[in-house]
Amino acid sequence: MNNISAPFFSLPDQTGTTRTLTEFSGKKILIYFYPKDMTPGCTTETIGFQELKNEFEKYNTVIIGVSKDTIESHQKFCSKHNLDIILLSDEETKMIQQYKVWKEKTMFGKKYMGISRESFLINEEGVIIQHWSKVKPVEHPKEVLDYIKNSS
């Protein structure tokens with residue numbers, strides 16, 4: 001999915017404010033999709049991005065997390081872990097499906113549909129320039145920051 005225009009989105013964040021792709025025009029956007037608020041891997045990854053937020057901002061990059069959790073769930077997640085990065089609520093999985101991260105998964109031998117932990121880096125013109133699949137929650141935030149630093 002590299003070097004194609006990023007699919008447009010318009011979703012509420014944890015404050016209920018509608019956020020769109022176009023509002024971040026002129027900035028890089030790192031969109032990371034994660035399965036669920038408050039779960040170990042998702043918490044580790046999100047806190048990792050939060051800890052590096054100021055570094056990302058030095059490189060003109062906004063961090064946006066997306067899951068199908070409710071606004072209320074995102075509010076609790078942010079409050080519990082002192083988060084101030086943007087978390088979008090995609091309860092109907094519209095954006096999740098546009099970015100093709102709604103996939104069949106298997107847990108304990110049972111198959112189900114869920115969010116694949118993947119990230120997309122969008123440049124200032126709205127073009128996807130990097131796609132990470134098979135993300136490791138502990139390493140990923142620094143991996144993305146290193147990529148941005150090395151490509152600047």
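Read the figures in this text as sums done on the coordinates, not as results from a lab. Just so it is clear, the structure is predicted and the values come from calculations on it, not from any experiment. Virtual Cβ from ideal backbone geometry, glycine too; neighbours counted across all protein chains shown.
As a summary of the residue check, Lys136 satisfies the conditions (1) part of a strand (DSSP E or B); (2) surrounded by fewer than 21 Cβ atoms within 10 Å (Cβ to Cβ); (3) not aromatic (Phe, Trp, Tyr) except for the one numbered (1).
Taking the listed residues Ile71, Ile85, the one that is among the hydrophobic types (A, V, I, L, M, F, W, C) and farther than 15 Å from Tyr34 by Cβ is Ile71, with no other qualifying. Each residue in segment 92-131 was checked for being closer than 15 Å to Phe33 by Cα and in a loop (DSSP other than H, G, I, E, B), and 7 of them qualify. For segment 139-152, the candidate set comprises residues that are surrounded by fewer than 14 Cβ atoms within 10 Å (Cβ to Cβ) and touching a helix residue (DSSP H, G or I) at 6+ places or on another chain (Cβ under 9 Å); within that set, the residue that is farthest from Lys27 (Cα to Cα) is Glu139. Can you tell which of Gly65, Gly48, Gly26 is within 14 Å of the chain's Cα centre (by Cα), among the small types (Gly, Ala, Ser) and not in a helix (DSSP H, G or I)? None of the others qualify; the one that does is Gly65. Asp84 falls short on exactly one of the conditions (1) outside any strand (DSSP E or B); (2) more than 19 Å from Ser5 (Cα to Cα); (3) touching a residue at least 40 places away in the same chain (Cβ under 8 Å), and that condition is (3). Here Ser79, Ser67 are screened, and the one residue that is more than 26 Å from Ser152 (Cα to Cα) and in contact with a Lys or Arg (Cβ under 9 Å, 6 or more places away or on another chain) is Ser67. Under the condition of being acidic (Asp, Glu) and either in contact with a Lys or Arg (Cβ under 7 Å, 6 or more places away or on another chain) or without any contact (Cβ under 8 Å) to a residue 12 or more places away in the chain (or both), the residues counted in segment 99-124 number 2. Look at segment 18-40: where a residue is closer than 22 Å to Leu145 by Cα and a partner is part of a loop (DSSP other than H, G, I, E, B) and among the polar types (S, T, N, Q), sitting 6+ places away or on another chain with Cβ atoms under 9 Å, you get Gly26/Asn60; Lys27/Asn60; Lys28/Asn60; Lys28/Asn123; Ile29/Asn123; Phe33/Ser116; Pro35/Ser116.
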